[in-house]
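Note sheet for the following structure.
The values are calculated or read from the model by the stated rules, or taken from the named source; none is laboratory data. Just so we're clear, the structure is a prediction, and the values are computed from it rather than from any experiment. Here the Cβ is made from the backbone with ideal geometry for all residues, glycine too, and neighbour counts use every protein chain on show. Quick note on the areas: whole protein, heavy atoms, side chains included, nothing else; ligands and nucleic acids left out. Shrake-Rupley method; radii C 1.70, N 1.55, O 1.52, S 1.80 Å.
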Amino acid sequence: MTDRNKQNQNEQSAVNTFSSMLSTKFEILAKIPTMQFPAKYAVMLVGVIVVIFVWKTIAVSKVESDMAKKLEGERVLITQQAREYADQQYTKEEERFGQVLSWAVRGELIRQNIDQIDQYLSEIVKMKDTERVVLIDDDGQLLVSTDKRLEETKGVELFPKEILSLQKITVKSDVEGKKILVAPVMGLNKKIATIVVSYKQQKF
């Protein structure tokens, strides 16, 4: 009988011990949600979050800035290439026009038909942005001018020698502040005159 009582007491003691362990564990688990971190750790956590946010903002801004610069650079390059192409095409058209004009004036000049040349040039000066057209012979004398105020002026006073000595159709963008088309008039063996068309400078 005594042995049985001892066994029951041992079993009861084991049950009590197990229950006590469970109670302790559950008590610890129950306290976890209510445990508080020290204030300095909270401040550090907030600081880390702020640093990450600022870093991300700066990184995104830098990427956007780099992309904007790249796109602007590409836009400028494309615009420049388009302008250069347009200038090349314009120059080619002007050279063709100068060649045709030179041929027309050549025939009339050989026949000494100055009045007909005057009519040609008067029609040309009516074209858009055309300011003045002059015909200067190979000796530097002004033969025809659409600006009648220049009739007593010598051709060499209007343009430098290097312009009047050109041997081929040439477009120059800045001669004394003007854009000009120079069209030499060739005779059988040599140049006999030079046509110079002056254009108004476009305002941007």
Legend entry - From the options Ser102, Ser122, residue that is outside any strand (DSSP E or B), open to solvent by 20 Å² or more (accessible area, probe 1.4 Å) and small (Gly, Ala, Ser): Ser122
Inset, instruction - Just need a number here: residues in the range 105-119 that are assigned to a helix (DSSP H, G or I), closer than 21 Å to Asp138 by Cβ and open to solvent by 70 Å² or more (accessible area, probe 1.4 Å). - result: 3
Legend entry - Verdict on Ser198 being under 38 Å from the mean Cα position of the chain (by Cα), of a type in the set (Ser, Thr, Tyr) and surrounded by 17 or more Cβ atoms within 10 Å (Cβ to Cβ): yes
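Given the structure, is Glu95 in contact (Cβ under 8 Å) with a residue 12 or more places away in the chain, open to solvent by 30 Å² or more (accessible area, probe 1.4 Å), in contact with a Lys or Arg (Cβ under 6 Å, 6 or more places away or on another chain) and not in a loop (DSSP other than H, G, I, E, B)? Let's see the steps before the verdict.
Values: in contact (Cβ under 8 Å) with a residue 12 or more places away in the chain: yes; open to solvent by 30 Å² or more (accessible area, probe 1.4 Å): yes; in contact with a Lys or Arg (Cβ under 6 Å, 6 or more places away or on another chain): no; not in a loop (DSSP other than H, G, I, E, B): yes.
No, not satisfied.
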Legend entry - Residues satisfying the stated conditions in the range 126-142, i.e. among the hydrophobic types (A, V, I, L, M, F, W, C) and buried (at least 16 other Cβ atoms within 10 Å of the Cβ): Val133, Val134, Leu135, Ile136, Leu142
Inset, instruction - Report the residue count in the range 149-177 for those that are open to solvent by 100 Å² or more (accessible area, probe 1.4 Å) and not in a loop (DSSP other than H, G, I, E, B). - result: 5
Inset, instruction - Would you mention how many residues in the range 178-195 are open to solvent by 60 Å² or more (accessible area, probe 1.4 Å) and in contact with a strand residue (DSSP E or B) (Cβ under 6 Å, 6 or more places away or on another chain)? - result: 1
Legend entry - Neighbours by Cβ (under 8 Å, 6+ apart or cross-chain): first from the range 138-154, β-branched (Val, Ile, Thr); second part of a loop (DSSP other than H, G, I, E, B) and open to solvent by 30 Å² or more (accessible area, probe 1.4 Å): Thr146/Val125
